[in-house]
Each structure stands twice: as structure tokens, then as C-alpha cells.
Amino acid sequence: MKRIDLHIHTVKTVCDPQNYCFDLEVLKRYVGTAQLDAIAVTNHNLFDRANYDSICNAIDIPVFPGIELNVRTPVKYGHVLVIAPADDVDIFEFDAEKMAMQLPDKDSRAPWDLVESTFSKYLVIPHYRKDK
């Protein structure tokens with residue numbers, strides 16, 4: 001069995017609490033303690049390539065590029081995680097930047113059809129409430 005965490009925030013965004021602070025050493029400890037085989041970096045409405053690259057260089061397991069998006073569907077609002085293969089990071093970075101421009105604040109929501117057309121080739125996971 002593989003242990004994978006596809007929902008890791010590493011950059012403070014407008015959607016995060018004021019006191020949010022990422023610590024690479026804490027992430028390294030978490031990866032080791034949880035014996036993770038892979039992770040995905042999925043910040044709110046943002047893909048930070050420099051941050052992603054620094055995590056890839058600091059951790060010796062696969063790190064997938066991703067983004068957590070605020071979305072608007074015909075019936076409700078919610079979040080989705082979008083995860084890309086590491087080999088597609090350059091294309092994913094471009095697509096994520098394009099999407100981030102549509103989401104300037106915490107109340108912004110991307111229309112589902114735009115999310116679907118922009119990220120159709122990636123893994124898209126509905127985000128449900130979870131206990132920390």
C-alpha cells in the first residue's frame with residue numbers, strides 16, 4: 001500500500017488564516033513520521049513554482065504539482081484539488097497562473113466549465129470537509 005497526501009498547503013494565500021505559516025522542516029518531519037510515499041502541493045487558488053521546486057529539492061519522495069480551487073458549479077460552491085504529473089509541471093504552471101487570475105480574493109469562484117476545460121487532462125478531486 002502507498003501512503004500519499006494530495007492536500008498540502010505550503011504558501012499563505014488570501015484564503016488562509018492570518019496566522020498560517022509554512023515550515024519546510026515540519027513538512028519533512030510529517031513526511032517521515034507518516035511514512036508518506038508521495039505528496040502534492042495544493043495551495044488555495046495558487047501554484048507557486050519556486051516553492052514547489054524548493055520542496056522537490058528538499059524531500060526525497062515524489063512531489064506532484066497541484067492547486068486547490070474555489071469553484072462554482074450550477075448547484076453549489078466548493079473546492080476541488082487538481083493534481084498534475086510532475087513531468088507536466090511547466091504546462092501546469094501556465095494553466096494554474098491563468099486560473100489564478102480569475103480568483104483574486106477568497107470569495108472568488110471559478111466557473112466549473114472553465115476549470116473543466118483548463119484542467120481536463122489532470123486528476124480533479126472534489127474537496128470535502130475533513131477533520132484536521
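The values are calculated or read from the model by the stated rules, or taken from the named source; none is laboratory data. In this text the structure is predicted, and so the values were computed from the model without any measurement. Using ideal geometry, Cβ is built from the backbone for each residue, glycine included, and neighbour counts are taken over all protein chains shown. These accessible areas exclude ligands, DNA and RNA; they are computed on the full protein's heavy atoms, side chains included. Shrake-Rupley method; radii C 1.70, N 1.55, O 1.52, S 1.80 Å.
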Could you tell me whether segment 80-96 includes any residue that is within 12 Å of Ile8 (Cβ to Cβ), open to solvent by less than 20 Å² (accessible area, probe 1.4 Å) and in contact with a Gly (Cβ under 8 Å, 6 or more places away or on another chain)? yes
Of the residues Ala96, Ala86, which single one is under 12 Å from the mean Cα position of the chain (by Cα) and not acidic (Asp, Glu)? Ala96
In segment 68-79, anything under 16 Å from the mean Cα position of the chain (by Cα) and surrounded by fewer than 18 Cβ atoms within 10 Å (Cβ to Cβ) is listed as Gly78
Would you call Tyr122 farther than 19 Å from Lys12 by Cβ, loosely packed, with under 11 Cβ neighbours inside 10 Å and of a type outside the set (Lys, Arg)? no
Yes/no for His127 being of a type outside the set (Ser, Thr, Tyr), at negative phi, in contact (Cβ under 8 Å) with a residue 60 or more places away in the chain and open to solvent by less than 70 Å² (accessible area, probe 1.4 Å): yes
Answer residue from segment 45-66, given it is touching a Ser or Thr at 6+ places or on another chain (Cβ under 7 Å) and open to solvent by less than 30 Å² (accessible area, probe 1.4 Å) and is nearest to Phe119 (Cα to Cα) among those: Gly66
Checked segment 1-15 for anything more than 24 Å from Lys106 (Cβ to Cβ) and either part of a loop (DSSP other than H, G, I, E, B) or at pLDDT below 95 (or both); matches are Met1, Lys2, Arg3
Where residues in segment 16-44 are among the charged types (D, E, K, R) and at pLDDT 85 or above, which of them is least open to solvent (accessible area, probe 1.4 Å)? Asp37
